[in-house]
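Engineer: Sharing a structure with you now.
The values are calculated or read from the model by the stated rules, or taken from the named source; none is laboratory data. Since this is a predicted model, take the numbers as computed values, not measurements. Backbone-built Cβ (ideal geometry, glycine too); neighbour counts: all protein chains shown.
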Amino acid sequence: MTNGGDSRSGVVAATPAVVQGKTILLIVGGGIAAFKALELVRELRRAGARVTPVLTENGARFVTALSLGALAEARVRTSLWDLEDEASMGHIQLSRSADLIVVCPATADLMARAATGQANDLASTLLLATDTPVLMVPAMNVRMWLHPATQRNVAQLRGDGVTVLDPDEGDMACGEFGPGRLSAVPAIMAAIAENLLPARLREELVGFSVAQDRTPPAPPASGRGELKGRHALVTAGPTHEAIDPVRYIGNHSSGKQGFAIAAALAAAGARVTLIAGPVALPTPPGVTRIDVTSARDMAAAVDAALPVDVAIMVAAVADWRVETAGSKIKKGSGGPPALHLTENPDILASVASGANRPRLVIGFAAETGNLIAQATAKLARKRADWIIANDVSQGVFGADANHVHLVSAAGAEDWGAASKAEVAARLVQRIADAL
Ligand code: CTP
């Protein structure tokens, strides 16, 4: 994985260096996504990490110890009862000899056993015996992921200090659609790099980690202070456009990137007004949050928050609204109703062209093709200073990782694959430099 550009943002530029020379104990669970563990091993080796592979009995149904060992250039451990292992390196020592334990794919069963402290095979015993940080990368059927039992186990693991990535959303091998797909390998690499950083540095550089939906830690008492005295406005999340009292038009935006930016701005000392569409995320410390539902509500809230020094429009605002019916539309003999769409106000464009224009106006562009060309056109059309462009065909919605380009009049910069918290930290540094 490579990341170009400015090295001052720390985490992003440090990503390959932080992995180099580290030992990753990789537990490969049993699932169709196990084949992606092979790709992960290749990336880890390329980044200069040592990989100690552990293959569960079910994992071995999907990938062979031979291919895993060949790519890792290391012996694959499979059994707790391997006496030779016990003689040369017991499971206690094995579990503690690594800098990080990565479980990929983490199956529902493996997470359930880890959450309840079971030790009935090598993988679960290693997880119980270790004091090394653990990163789990789940992959499973959408219903299994959403089941209250799995969600309970994930919450328990997170409470125990394990980093559990949220799976990606999309078409699944089993033919269903939803969250449950293994995160993309660059996102896993970014999470590994983040988990290898010393805790102090991670807090300082990343601030509010969106890798886990936990209550974020309070920002350092002193703050970093680069944006002290500045007022920043952030929009985040989707908007919902009511069709009738029970239905709406919406989109897949999770709000994670916008919330991470608001958190990083507050940690840098800015006064932050966060205008959030309907999302279930905790409010970052030190941020004033205004919840809205529709695009028109969001436009009004933005207008009321002006003037500000910088506006960052991360929200996925619905382009169209419907003429809302006053009561629930019932199925009738006339067939499905036609929805008459009206264009919503473009909040970013009106802020950028308005009398109260902030010194810095930043928009986001979610595209599914021709990324840079589309973002450059958007920059001009909306009169923004910068557009942060991302390709949403790669499953960005709801994920913890992002691969963005900063597009400005000076051209396009590729920021490489990074966590949303890293993107936020880097953007805030650039804002501080520009203001
Ligand atoms: N945006 C906005 N108000 C809207 C639509 C979009 O403020 N009504 C902002 C978004 O917050 C984002 C940027 O404009 O910062 C780009 O949004 P995007 O949905 O990618 O662009 P659109 O203008 O909707 O163009 P298109 O969908 O045609 O690509």
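Engineer: What's the number of the condition R381 fails, among (1) crowded, with 19+ Cβ neighbours inside 10 Å; (2) charged (D, E, K, R); (3) within 9 Å of the ligand (Cβ to nearest atom)?
Structural biologist: The one condition R381 does not meet is (1).
Engineer: Considering each residue of segment 148-176, count those that are of a type outside the set (D, E, K, R), under 26 Å from V423 (Cβ atoms) and not in a helix (DSSP H, G or I), and give that number.
Structural biologist: Counting residues in segment 148-176 that are of a type outside the set (D, E, K, R), under 26 Å from V423 (Cβ atoms) and not in a helix (DSSP H, G or I) gives 7.
Engineer: Output yes when any residue across segment 328-337 is within 16 Å of the ligand (Cβ to nearest atom) and more than 24 Å from the chain's Cα centre (by Cα), and no when none is.
Structural biologist: Looking for residues that are within 16 Å of the ligand (Cβ to nearest atom) and more than 24 Å from the chain's Cα centre (by Cα), one finds none in segment 328-337, hence no.
Engineer: Tally time: how many residues in segment 333-358 are surrounded by 14 or more Cβ atoms within 10 Å (Cβ to Cβ) and either within 18 Å of I261 (Cα to Cα) or charged (D, E, K, R) (or both)?
Structural biologist: 4
Engineer: Only strands (runs of 3 or more DSSP E) wholly contained in segment 341-435 count here; list those with 1 or more residues that are closer than 24 Å to T239 by Cβ.
Structural biologist: Those strands (runs of 3 or more DSSP E) span 341-343, 360-367, 386-391, 401-408.
Engineer: Taking the stated definitions as given, is D85 of a type outside the set (K, R), in the same structural domain as E194 (by TED's automatic domain parsing), in a helix (DSSP H, G or I) and at pLDDT 95 or above?
Structural biologist: When the stated conditions are applied, D85 does not pass them.
Engineer: Any idea which of (1) at pLDDT 90 or above; (2) surrounded by fewer than 18 Cβ atoms within 10 Å (Cβ to Cβ); (3) of a type in the set (S, T, N, Q) is the one S393 doesn't satisfy?
Structural biologist: (1)
Engineer: Go over the candidates T64, T78, T52 one by one and state the one that is touching a Ser or Thr at 6+ places or on another chain (Cβ under 7 Å), at pLDDT 90 or above, more than 17 Å from P138 (Cβ to Cβ) and of a type in the set (S, T, Y).
Structural biologist: Of T64, T78, T52, the one residue that is touching a Ser or Thr at 6+ places or on another chain (Cβ under 7 Å), at pLDDT 90 or above, more than 17 Å from P138 (Cβ to Cβ) and of a type in the set (S, T, Y) is T52.
Engineer: Which condition number in (1) over 18 Å from L360 (Cα atoms); (2) within 12 Å of the ligand (Cβ to nearest atom) is the one that T324 fails?
Structural biologist: So T324 meets the others, but not (2).
Engineer: Just name the residue that is nearest to N344 (Cα to Cα) out of those in segment 274-314 that are of a type in the set (D, E, K, R) and away from the ligand (no atom under 13 Å from the Cβ).
Structural biologist: D291
Engineer: From the list A139, A114, exactly one residue is at pLDDT 90 or above, in contact with a helix residue (DSSP H, G or I) (Cβ under 9 Å, 6 or more places away or on another chain), over 22 Å from A193 (Cβ atoms) and among the aliphatic types (A, V, I, L, M). Which is it? Step through it out loud before you land on a result.
Structural biologist: On the way: A139 fails: over 22 Å from A193 (Cβ atoms).
It is A114.
Engineer: Next up: For the list (1) among the aliphatic types (A, V, I, L, M); (2) within 16 Å of the ligand (Cβ to nearest atom); (3) under 21 Å from D297 (Cα atoms), I need the number of the one condition that L360 fails.
Structural biologist: L360 satisfies all of (1) among the aliphatic types (A, V, I, L, M); (2) within 16 Å of the ligand (Cβ to nearest atom); (3) under 21 Å from D297 (Cα atoms) except (3).
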